[in-house]
Amino acid sequence: MNTDESPICSAKGCRNAAVWVLAWNNPKIHTPERRKTWLACEEHREHLSKFLGLRGFLKDVVALEEWGRSASDR
Ligand SMILES: [Zn+2]
């Protein structure tokens with residue numbers, strides 16, 4: 001990820017700055033330790049985590065600041 005650009009929410013049509021990172025994994029296509037990430041603004045965090053949660057994909061919701069600090073394993 002290019003940290004010079006301010007990250008934008010992953011919700012469709014949303015251009016808000018992202019504040020949350022949603023870490024998820026689809027067991028059908030990903031190995032268990034693999035993490036895909038979606039970014040979410042304050043407004044869409046609930047919507048996106050519900051979407052992933054319903055499918056059993058959601059692993060973690062982390063503040064973007066926190067995520068950046070622990071992203072060395074990507
Ligand atoms: Zn959004």
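Tally time: how many residues in the stretch 8-38 are among the polar types (S, T, N, Q) and farther than 17 Å from Val61 by Cβ?
1
When the stretch 18-42 is filtered for residues that are surrounded by 13 or more Cβ atoms within 10 Å (Cβ to Cβ) and within 15 Å of the ligand (Cβ to nearest atom), the ones remaining, listed by number, are Ala18, Val19, Trp20, Val21, Leu22, Thr37, Trp38, Leu39, Ala40, Cys41.
Only one of the listed residues (Leu58, Leu48, Leu64) is more than 16 Å from the ligand (Cβ to nearest atom), at pLDDT 95 or above and surrounded by 13 or more Cβ atoms within 10 Å (Cβ to Cβ). That residue is Leu58.
The values are calculated or read from the model by the stated rules, or taken from the named source; none is laboratory data. Because the structure is a prediction, the values reported are computed rather than measured. Positions of Cβ are backbone-derived with ideal geometry, glycine not excepted, and every protein chain shown enters the neighbour counts.
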